[in-house]
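Each remark here refers to the structure printed beneath this line.
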Amino acid sequence: MNYTFQWGEAFIEVPYLLGGAWITLHLSFIGFWSGATIGLFGALGKTYGGPLTVKLINWYVIFFTNTPGLVTAFFIFFGLPEFGILLSPYHTILLNIALNSGAYMTEIMRGGFVSVHKTELEAAETMGFTLLQQLRYVIVPHIAKVLFAPLSNWYIWMILGTAMAAIFGVEELTGRVFNRAAETFRSIELYTIAAGMYVAITILASAILVVIGRWAFRVKVKVF
Amino acid sequence: MYEGFLDIFDVFLEQAAEFYVWDNAVYLFRAMMTTLFMTIVGCGLGFVFGMILIYLRKTPGLIFLPVRLAMIFYVEIFRRVPFLVLLFLVMFTVKGFGLDYSLFTIACISIVIISTAFIGEIIRGGLDSVHQTQWDTAAAMNFSRLQTLRHVILPQAWKVVLPPAFAFFVMFIKDTALTSQVGILELTQAGKYYNNLGYSAILSFGTVLLLYFVLSYPMTRLGWWIEARLRDRRRDDDDELEIGVTPYELRRT
């Protein structure tokens, strides 16, 4: 026991770290929606596409769900420059997060599409709903209800996953802790503060998502 | 542009001939085994501790309220800390207090801390899937809490626990890639090593990606198989239950 805690020195850095937390948030937010777009098209292709499309999407999903995000990030980060494509670390990580979470979200969203029964669409048609009304009153509420909980959980999971970006020099929360820990050597204190911030951020995000779920989609969700 | 790609391809082939030799295969295989071993040790211990954690969380009475709260806090906190941050926290704490643990031990400690929280939550889901009447009946038969768990709850719960627990294990094979950041020689670190030696990233990290795939994909398939099989058996059990219930009811009426 020869370590003396000096919390004061670490707490001075809190505003700097909060700036990093903001980058974490928008990195995960943009990454989530990019992944969701890929996932949406993936799920559409898998549900309505021809056999070749389905096979290609399956390969994509199986590949990305069975390889670590860190290694695909290394692969992209060091592989693209060999082809003369130079991206900033932030954009490389964003690309990696989008591809990686796109694979998982393809699977999640397909579950939502399957949940809309054909009989319900037929019933809506019998009631004289137009296609837009069907979409508005039957399809979207259904899909939203089924998908809200798993997608929320996935978003929380992604906030934690973006810590990986620090390895590539993106100055988000963990990255900023790397910087300051190297300067002040208050590693234990700084990492503890960062861990606390991650806990706070994810609890806050969970709470917001629960409220949104109740208010917008009338689903009682248990988020993370 | 076209010529550039051809050059890259030439270099790639040249390097591939150098890269795919026996020594490198042995090196990568050892790295792969480190990855696997780390995950098995971490998640195995995590399963044991998760079980203990849930046992403590299900303790009755007001006296044990602090214990229950502590367990809830543990789960809620450590499910929300990124593995990378926890890894560095454990490493600096261990080194800061002058303990002389190996890097492998440090990584295993971090994995155990995280997986205890996650697997604990999975086990809790399994125990909750067993109906309350089973607990009540066992209590009425004067079973102790340990006996209830051992003879009544776990035989029914393990089918619900096993598939997600196994899925978590498979997921963590991939998460252990982060332990390369504290300097453990596992697959990712091996890929970095070869990349630093000057091999193309496509070659070094591509090979590592494939090896992770080789490790993870059969496990994923095994997980699906386990899940499908248990689901079938669960359905069979339900059938048995129905057959078993009927004579009993007949006798009663």
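Since every read-out is calculated from the coordinates, none of them should be taken as a lab result. Please read all numbers here as calculations on a predicted model, not as lab measurements. Please note: Cβ atoms are built from the backbone with ideal geometry, for glycine as well, and neighbour counts cover all protein chains shown.
Tell me, what HN-Hα J-couplings in whole Hz come from the Karplus equation 6.51 cos²θ - 1.76 cosθ + 1.60 at θ = phi - 60° for each residue of the range B:209-214, using x for Gly and Pro?
4, 4, 5, 4, 4, 4
Looking only at the range A:97-115, which residues have a backbone nitrogen under 16 Å from a spot 7 Å from the Cα of A:Leu80 in the C-beta direction?
Within reach of a label on A:Leu80: A:97-102.
Kindly express, to the nearest 10 degrees and within the range 0 to 90, the angle between helix B:2-19's C-alpha long axis and the longest C-alpha principal axis of chain B.
70
How many angstrom separate the Cα center of the range B:115-154 from the Cα center of the range A:174-190?
43
Shielding by partners for B:85-95, please: the mean number of other protein chain Cβ atoms within 10 Å of each residue's Cβ.
Numbers: counts 13, 4, 2, 12, 8, 2, 3, 10, 5, 1, 3.
Across the residues of B:85-95, the mean count of other-chain Cβ atoms within 10 Å is 6.
Pop a pseudo-label 7 angstrom from the Cα along the beta-carbon direction at both B:Val214 and B:Ile8 and give the gap in nm to one decimal.
Between B:Val214 and B:Ile8, the simple spin-label model gives 2.5 nm.
Within the set of other residues whose C-beta is less than 13 Å from the C-beta of A:Tyr191, count the net charge using Lys and Arg as +1 and Asp and Glu as -1. Let's see the in-between values first.
Numbers: positive: A:Arg176, A:Arg180, A:Arg186, B:Lys95; negative: A:Glu13, A:Glu189.
That sum, taken over residues with Cβ under 13 Å, equals +2.
For the range A:109-167 and the range A:41-72, write down the distance between their C-alpha centroids in whole Å.
18
From the P(r) of the range A:16-151, can you give the percent of Cα pairs sitting at distances over 18 Å? Present the calculation step by step, with values, prior to reporting the outcome.
On the way: 5909 of 9180 pairs.
Percentage above 18 Å: 64.
Evaluate peptide B:212-224: per residue, the Cβ atoms of other protein chains within 10 Å of its Cβ; return the mean as an integer.
Working: counts 6, 5, 1, 2, 5, 5, 1, 1, 3, 2, 0, 0, 0.
Taking all residues of B:212-224 together, the mean is 2.
When the label point is put 7 Å from the Cα of B:Leu222 along its Cα-to-beta-carbon vector, which residues of the range B:167-190 have a backbone N closer than 13 Å?
B:167-171, B:173
What FRET efficiency do you get for B:Arg145 and A:Ile212 if R0 is 41 Å and r is their Cβ-Cβ distance, rounded to the nearest 0.05? If you can, show how the numbers build up before the last one.
Working: r = 40 Å, r/R0 = 0.97.
The calculated FRET efficiency here is 0.55.
Just to confirm the number: angle between the C-alpha axis of helix A:187-217 and the first principal axis of chain A, 0 to 90 degrees, nearest 10?
Taking Cα atoms only, the helix is inclined about 20 degrees.
What order do you get for B:Val26, A:Val177, A:Val54, A:Val146 when you list them from fewest to most C-beta neighbours inside 10 Å?
Values: B:Val26 10, A:Val177 30, A:Val54 14, A:Val146 20.
Ranked by crowding around the Cβ, least crowded first: B:Val26, A:Val54, A:Val146, A:Val177.
Give me A:Ser88, B:Ser110, A:Ser152 ranked fewest to most by other Cβ atoms within 10 Å of their Cβ, as a rough exposure proxy.
Working: A:Ser88 11, B:Ser110 26, A:Ser152 22.
Least crowded to most crowded, the residues run A:Ser88, A:Ser152, B:Ser110.
Kindly express, to the nearest 10 degrees and within the range 0 to 90, the angle between helix B:65-78's C-alpha long axis and the longest C-alpha principal axis of chain B.
Tilt relative to chain B: about 30 degrees.
Can you tell me which of B:Ser115, B:Ser204, B:Ser102 moves the most in a GNM of chain B? Springs connect C-alpha atoms under 10 Å apart.
Greatest mean-square fluctuation among the candidates belongs to B:Ser102.
Fewest Cβ neighbours within 10 Å first, please rank B:Arg124, A:Arg186 accordingly.
Numbers: B:Arg124 19, A:Arg186 23.
Placing the least packed residue first, the sequence is B:Arg124, A:Arg186.
Mind checking B:200-210 for the average number of partner chain beta-carbons within 10 Å of each residue's beta-carbon?
Details: counts 3, 9, 6, 2, 4, 10, 3, 0, 5, 8, 2.
The shielding value for this peptide is 5.
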